[in-house]
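Participant: Pasting a structure below so you can have a look.
Since every read-out is calculated from the coordinates, none of them should be taken as a lab result. Keep in mind that this is a model prediction, so the values were computed, not measured. Note that we place each Cβ from the backbone using ideal geometry, even for glycine, and neighbour counts take in every protein chain shown.
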Amino acid sequence: MLTWRTAVIVIVVISAFAVVTPTVRAYLDQQAMLNSLRADAATAQAEVDDLTAEVARWDDPAYVVAQARERLAYVFPGETPYRVVDPEVAADQQEDAAASEVDAAGTPLQPWYDTLWDSMVDAGGDDPAVEDAPAAEPATVDSTGTNEPVTTVDFGG
């Protein structure tokens, strides 16, 4: 059987556990967040180091010349440039260019103003209901001599 001393000790231990648990949980959450932030900082620092090395490469004149030759096909005066084209790759590029001239709907691409005009024609230019609509009646001239429409009000009398 439990004595009153044992019951008090159990209540004190349960109370201490209830008080300490949220604090320990907050500590563990903060440690996990700190580890995540440290990993993010290390990734960002590695990216900064890579970009710094890239900027340092552009300070070298030989690297700039190599990039101009590779990316822009620049040559020095007196050199004869040659471009070797693989026939298989060239045929694939021509097929890709022909395929890109047709949009996803399977219709050939056309300038934006033609597309705009076609959409205006589709919206109402060929609508037979618009052509069959009765013409508006001209406004009547009232006693003041103005060409304003006359409104009649019926007061129910």
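Participant: Among Gln31, Ala44, Val10, which residue has its Cα furthest toward the positive end of the charge dipole of the stretch 4-71, with +1 on Lys/Arg Cβ and -1 on Asp/Glu Cβ?
Facilitator: Val10
Participant: Report the gain in length on full extension from Leu34 to Glu79: 0.36 nm times residue separation, minus Cα-Cα distance, nm rounded to one decimal. If you can, show how the numbers build up before the last one.
Facilitator: On the way: separation 45, 0.36 × 45 = 16.20 nm, distance 5.84 nm.
Value of the extension gain: 10.4 nm.
Participant: Can you give the extra length, in nm with one decimal, that the chain gains between Tyr113 and Arg57 once fully stretched, where that is 0.36 nm per residue apart less the Cα-Cα distance?
Facilitator: Working: separation 56, 0.36 × 56 = 20.16 nm, distance 4.66 nm.
Between Tyr113 and Arg57, full extension yields 15.5 nm more.
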